[in-house]
Amino acid sequence: MDKQEYLQQLINAGEEEIELTPKQAKILEAAIEIFAEKGYAATSTSEIAKKAGVAEGTIFRHYKTKKELLISIVTPGIIKLTVPFFANQFVSEVFKEKSESYEQLLRKIIRNRFEFVQKNIPLLKIILQEMAFHEELKQSFQNIFIKKIFPKFDEAVTQFKKDGLIVDYPSSTIIRFTMTTIIGFIITRFLILPEAEWDDEEEIDRTIRMLMHGIQPDS
């Protein structure tokens, strides 16, 4: 995937398509690359302008502040890559058809987010770097997860508990165990130890086995 395709994927990540001028597209493309490499605080608008091939004043005609530029980059991705890497498209792909077991649901979740993050590492870096410092980003993630993701996840987990297929813990606890394990795997795989010799299929299987053994009902 080239830079333009990647940028277009971010632009179209929201519920509605976002219309950008050619200069805005160049600015966003440059900002994504530099923010991912250096972080928001260490990046100047002059660097972004130089990378984008525009005058610095052009940035401020489109975006009032550097923070507004950051939000413009990350907010579309939030819809598609919300905590913990769940989003509207994720819900439709993973929960569209009922899973016969929690193991099957886990496999859908991991494969779906693994493939998405693999294609969107710069965006993931920006989100992880900046969410702790920008309350707007954190709040957006929380709101979307609570409104769009948790109800579907809770519905599935509740049914598996009723069927006696997983342990009868609070649904929020099971979802938390699941999320933190999958997030840990993905972050380690793509950000912390990307150069390690990974057998991705085996690691996915191990992750699923570990989760399933931890939530099996008591015999």
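Calculate the FRET efficiency for residue 206 and residue 55 from the Cβ-Cβ distance with a Förster distance of 35 Å, rounded to the nearest 0.05.
0.10
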What is the sum of charges, Lys and Arg at +1 and Asp and Glu at -1, for the other residues whose Cβ falls under 10 Å from the Cβ of residue 31?
0
When each of 66/125; 38/108; 66/147; 98/161; 23/138; 96/147 is checked by Cα-Cα distance, pairs over 24 Å:
38/108; 66/147; 23/138
With r as the distance between the Cβ atoms of residue 37 and residue 173 and R0 = 41 Å, compute the FRET efficiency 1/(1 + (r/R0)^6) and round to 0.05.
0.65
Cβ-Cβ cut-off under 10 Å around residue 53, Lys and Arg +1, Asp and Glu -1: the net charge is +4
Given the whole protein assembly as supplied and a 1.4 Å probe, what does the accessible area of residue 34 come to in Å², nearest 10?
20
To the nearest 0.05, the calculated FRET efficiency linking residue 218 and residue 159 through their beta-carbon distance, R0 being 22 Å, is 0.70
Given the Cα-Cα distance of residue 188 and residue 91 and 0.36 nm per residue of separation, how much length would full extension add, in nm?
32.5 nm
In square angstrom, rounded to the nearest 10, how much accessible surface does residue 180 have for a 1.4 Å probe?
80
Accessible area of residue 211, 1.4 Å probe, to the nearest 10 Å²?
10
Express in nm, to one decimal, how much length is gained between residue 121 and residue 100 on full extension, taking 0.36 nm for each residue of separation and deducting their alpha carbon distance.
4.4 nm
Net charge of Cβ neighbours under 12 Å - reference residue 212; Lys, Arg +1; Asp, Glu -1
+1
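The values are calculated or read from the model by the stated rules, or taken from the named source; none is laboratory data. Since the model is a prediction, treat every value here as computed from it, not as a measurement. In this analysis, Cβ positions are derived from the backbone assuming ideal geometry, glycine residues included, and neighbour counts consider all displayed protein chains. Surface accessibility is based on the protein's heavy atoms, side chains included, excluding ligands, DNA and RNA. Shrake-Rupley method; radii C 1.70, N 1.55, O 1.52, S 1.80 Å.
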